[in-house]
Amino acid sequence: MDPKVQAMYDTLRAKLENIVPDVELRYKAELAVEINALKEERNAVILGHNYMEPALFYSIPDFTGDSLELSRKAAQTNKDVIVFCGVRFMAETAKILNPTKTVLLPSEKAGCSLAASITAQDVRALRARFPGVPVVTYVNTYADVKAESDICCTSSNAKAVIESLGSDTVIFLPDEYLAKNVARETGKRILFPTKDQVITFKGNQIQTAPYDPAAVAGSLIGWHGRCEVHEKFTVQDIQAVRAQFPDVTVLAHPECSPEVVAAADFSGSTNAMIRYVRESLAKRYLLLTECAMGDNIAAANPDKEMLRLCMVRCPHMNTITMEDTLAALKYNRYVIEVPEDIRQRAARAVQRMIEIG
Ligand code: 13P
Ligand code: SF4
């Protein structure tokens with residue numbers, strides 16, 4: 001075996017021997033060495049989201065993390081090329097922050113149901129309907145939607161971003177479930193004008209009433225977007241797993257419904273869940289998020305058991321492969337472009353978020 005491939009194989013095996021079969025590790029080690037050589041040749045940086053499959057996650061990224069951490073890394077890089085092993089809205093955010101660099105997304109199909117749920121025109125219409133109310137958009141949106149926003153947020157800083165605005169009433173887009181979870185955390189009601197609903201939280205109780213246009217002040221105003229992955233997890237799933245494994249600690253991403261989050265033991269961004277497992281003494285966890293992240297956490301915590309529901313997968317994140325990452329660097333594809341007027345306005349909202357910390 002070539003010495004570089006041998007070294008990569010040894011690294012991967014040390015981390016993944018109980019998770020990925022040897023035959024795959026040998027194949028992926030060769031691919032990783034080829035990718036890393038091209039990465040150096042092109043003066044590129046590879047950013048890998050926590051949802052990447054384990055052999056990719058532990059071999060080619062210079063940085064791994066959740067969407068907030070990777071936005072920060074994208075803002076700091078001095079490389080000429082950024083390859084984003086994640087989905088389009090993440091690569092767009094990197095381009096927004098780095099207009100002169102080449103940003104590549106290895107798969108053209110890596111979208112996101114949340115980003116697809118809202119348009120720039122929808123945001124303008126909400127602004128017209130609620131004049132003077134600040135607009136926060138989740139980073140899981142496309143550049144033209146970010147451009148209509150005052151500030152962006154991720155699931156790890158949503159509460160801090162809302163609190164930074166000094167406004168009692170805030171438009172929070174587009175994730176219905178994240179908005180409900182943040183509303184509960186900040187003690188606010190949440191209105192859904194498009195669903196004619198007002199939701200109020202009393203502890204773990206959720207009350208629903210019709211929307212009243214005269215009672216908007218002091219509320220969050222939400223939209224009806226949902227993550228097609230996290231919306232599928234149910235309280236019944238949690239109950240079934242708890243019945244089978246009574247000692248299980250349940251972790252749910254805040255894109256899950258508020259009922260699921262209330263039934264879990266912990267909810268947080270992908271980085272927050274990784275940190276939770278690392279720091280907790282429990283031995284067994286159920287991870288309610290993209291299943292590949294369970295492998296990555298298990299590899300880093302060999303003394304802990306990660307249960308996951310792999311019947312639910314993110315079809316977008318899973319289009320990013322090592323083969324396509326190699327092709328991205330080789331053939332310079334798929335290049336992310338953002339029109340300059342949109343980029344400048346979106347950059348203000350993203351930078352403002354990054355500055356909040
Ligand atoms: P994180 O910011 O927690 O990494 O989440 C991104 C995402 O798309 C979750 O589905
Ligand atoms: Fe989008 Fe959900 Fe996939 Fe994350 S898991 S990229 S929010 S569809």
Query raised in the report: Within the chain, what percent of beta bridges assigned by DSSP are antiparallel, to the nearest 5?
Result: 20
Report task. Can you pull the one-decimal nm distance between simple spin-label points at residue 5 and residue 337, each 7 Å off the Cα toward Cβ? Result -> 3.9
Query raised in the report: Which peptide among 13-20, 277-284, 112-119 comes first, and what is the full order, when sorted by highest mean count of other Cβ atoms within 10 Å?
Result: 112-119, 13-20, 277-284
Query raised in the report: Which whole-percent values make up P(r) of the chain when all C-alpha to C-alpha distances are grouped in 20 Å steps starting at zero?
Result: 30, 56, 14, 0
Query raised in the report: To the nearest 10 degrees, how steeply does helix 88-97 sit against the main Cα axis of the chain, on a 0 to 90 scale?
Result: 90
Query raised in the report: How many angstrom separate the Cα center of segment 146-195 from the Cα center of segment 1-69?
Result: 36
**Report entry** Sequence-distant residues sharing a close amide H with residue 45 (under 5 Å, placed H)
**Finding:** 81, 82, 83
Query raised in the report: So what is the diffusion coefficient of segment 201-357 in µm² per second by Stokes-Einstein at 4 °C and 1.567 mPa s, using a Kirkwood Rh over Cα pairs?
Result: 68
**Report entry** Difference of contour (0.36 nm per residue) and Cα-Cα distance, residue 121 to residue 37
**Finding:** 25.9 nm
Query raised in the report: Are there cysteines in the chain with no other Cys C-beta under 4.7 Å, and if so, which?
Result: 85, 112, 152, 153, 227, 256, 314
Requested in this report: With everything on Cα atoms, drop me the angle between helix 67-76 and the longest principal axis of the chain, reported from 0 to 90° to the nearest 10.
Outcome: 70
Query raised in the report: Between residue 239 and residue 272, what length comes free when the chain is fully extended (0.36 nm per residue of separation minus the Cα-Cα distance, one decimal in nm)?
Result: 9.6 nm
**Report entry** Karplus-derived HN-Hα couplings along segment 146-160 (A = 6.51, B = -1.76, C = 1.60, θ = phi - 60°), whole Hz, x at Gly and Pro
**Finding:** 4, 5, 8, 9, 7, 7, 9, 8, 10, 5, 7, 10, 4, 5, 4
**Report entry** Fewest-first ranking of 11, 208, using other Cβ atoms within 10 Å as the exposure measure
**Finding:** 208, 11
**Report entry** Histogram of C-alpha separations across segment 43-92, 10 Å bin width, %
**Finding:** 28, 61, 11
Query raised in the report: Can you list the HN-Hα couplings for segment 36-41, worked out from phi with the Karplus curve (6.51, -1.76, 1.60; θ = phi - 60°), rounded to whole Hz and with x for Gly and Pro?
Result: 5, 5, 5, 4, 5, 4
Query raised in the report: Got a sec to turn the phi values of segment 249-260 into Karplus ³J(HN,Hα) couplings, 6.51 cos²θ - 1.76 cosθ + 1.60 with θ = phi - 60°, whole Hz, x for Gly and Pro?
Result: 9, 9, 10, 10, 6, x, 7, 6, 5, x, 5, 5
Requested in this report: Rounded to the nearest 10 degrees, what's the angle between the helix 270-279 long axis and the longest principal axis of the chain, both from Cα atoms, 0 to 90?
Outcome: 70
Query raised in the report: Between their Cα atoms, which of 15/79; 159/232; 39/95; 202/232 are more than 20 Å away from each other?
Result: 15/79; 159/232; 202/232
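Where a number appears in this text, it was derived from the coordinates with a stated rule and is not lab data. Just so we're clear, the structure is a prediction, and the values are computed from it rather than from any experiment. Every residue, glycine among them, receives a Cβ derived from its backbone with ideal geometry; neighbour counts consider all protein chains shown.
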